[in-house]
Each structure stands twice: as structure tokens, then as C-alpha cells.
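FYI, it's all coordinate maths here, none of it is from the lab. Nothing here was measured: the structure is a model prediction, and the numbers come from that model. So basically every Cβ, Gly included, is an ideal-geometry build from the backbone, and we count neighbours across all protein chains shown.
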Ligand code: UDP
């Protein structure tokens, strides 16, 4: 049983059935799933993406300065973090937004110790703004924060059931791995997360579970040890 987890949620999934922005139904489903495991006493840190609003790289393709584009992306993650904290609070779950970059009073500035203090008090620490640096992703941000807050595992919530031999949305013959080592991810060239994030997890022995967060009830199943996703581990 895990005592403390880092949950990574993708911004894109927050769109739900919409083309852009935040789908309130998806947001409240996420909040319910998260509260369900918080009620079991699990300490939860959350890193959320911003791809439903803005991505630096696609901005750069349209003529934006890359660093400014990435800063826009980091602000997008903060918008999502505020939305999630609000959805959690509305169902009676305390949550606090901590930001990688100082933007008080939108959130308090992140530090490892503040995050741990809040989680130990039963609040969910939503860690916004990724790493605070351009040229990184929120996957890398969640690997970094997972290590910093001494999480037992990083749960990467996606819209697919785990890691497959090929993209299951494109290749119907793709099969799912129940577990896989970090090295196999490199060797097979699997696109699970960017390599910076995978390497950070491997070098610091943070296991990852990739699972489908868009099916309500899955988060609690993963926490109960049900084998519904893919575990990434070191041999
Ligand atoms: N970003 C960044 N540094 C970080 C994390 C994120 O610059 O440490 C920016 C980057 O532009 C990225 C955007 O924020 O494209 C949104 O994050 P991401 O693409 O990881 O979101 P997701 O794909 O999970 O929705």
C-alpha cells in the first residue's frame, strides 16, 4: 500500500468532450476519484499539465518566442490547478495550490517542505507551473516533484490503459505491458513520457504506474493494487 503518491494528470484529458479548455464533468470526475483515495488517508501531490490551453512548442511553431510560449504553458497549468483545487474544495476535500514561480496570492510558492507539511495535514498539494523552467514538460515536472516530495510512486493518469507495444489508438494489434523496466522503454523506443522525465525517475528509482484515469473508479483500483495499468520499474 502506498503512503504518498504523486499523481500526474494531463491537461489534454481535462478537455473531456470539448475542443479546448476545461470540461466541468471531467474535472468533477477527477475530483471524485481523488477524494476517494484521500479519504483512505493517502497523501497526494498532484502535477497537472496545460495542453488543453497552451503548449509552448506549438506556440513556437506559430511564431511565439519559445521561452514566452513555455511561460504561457506554465500559466496554463496554473489555471488547471486552480480549477482542480476548486472542484476538490466543492466536494469537501481540502487542497492547496503551490506554484513553482512566485505568484502569490494565486498560490503559495512551492517548497518540498511546505508540500509535505500540507499533505501530512490531509490537504492535497497541487503543484502548479511544472518545473518553473522553459524547455521542460509537466511529465518532467511530476518526476521532479515526485522525487522531491519522496513519493512512493508516480501515477501517470492518461486516456489509455497503460503502455502498449504501439499506439493503441492507431494500431489495433498493439498489446499492453503489465510491467516494463525503464531500460526497455528506451530500447523499444516507447513514447510513454519524454526521456528527461523517464531518466529522472530511473536515476532516482521512482516507480511509475501508467493507467487510464478517464474511467471513474480506476484510481482507487490502482491504489488497491489491481493490475489495470502498466508498472515501470527497475530490474
Ligand atoms: N511547461 C514548461 N516547463 C515545465 C512544464 C511545462 O515550460 O516545467 C510548459 C510547456 O510549454 C508545455 C506547457 O507548459 O507545453 C504545458 O505542459 P504539458 O505540455 O506538459 O501539458 P500536458 O501535455 O500534460 O497537458
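Here region 172-235 and region 90-114 have alpha carbon centers that stand 27 Å from each other. Volume of the convex hull of the chain (Cα atoms only), normalised per residue: 122 Å³. Plainly put, region 7-98 has a radius of gyration that is 1.03 times its Kirkwood radius, both from alpha-carbon atoms, as the Rg/Rh ratio.
When you restrict to C-alpha pairs under 8 Å that are six or more residues apart and normalise by the size of the chain, the relative contact order lands at 22 percent. DSSP beta bridges fully contained in the chain are about 10 percent antiparallel. Diffusion coefficient of region 155-199 by Stokes-Einstein, Kirkwood radius over Cα pairs, 20 °C, 1.002 mPa s: 191 µm²/s. Dimensions of region 133-219 based on its C-alpha atoms, expressed as ranges along the principal axes with the largest first, amount to 38, 33, 25 Å. Full extension of the chain segment joining residue 135 with residue 121 gains 1.7 nm, where the gain is 0.36 nm per residue of separation less the Cα-Cα distance. Simple spin-label estimate for residue 174 and residue 17 gives 2.4 nm between the two label positions (7 Å along the Cα-to-Cβ direction from each Cα). With neighbours defined as other Cβ atoms within 10 Å of a residue's Cβ, the residues 135, 164 order from fewest to most as 135, 164.
Computed from the C-beta positions of residue 159 and residue 102 and an R0 of 25 Å, the FRET efficiency is 0.15 to the nearest 0.05.
Rounded to the nearest 0.05, what FRET efficiency do residue 89 and residue 67 give with R0 = 30 Å and r taken as the Cβ-Cβ distance? Could you check? Approximately 0.35, to the nearest 0.05. Comparing 101, 124, 44 in a Gaussian network model of the chain (Cα springs below 10 Å), the most mobile by mean-square fluctuation is 101.
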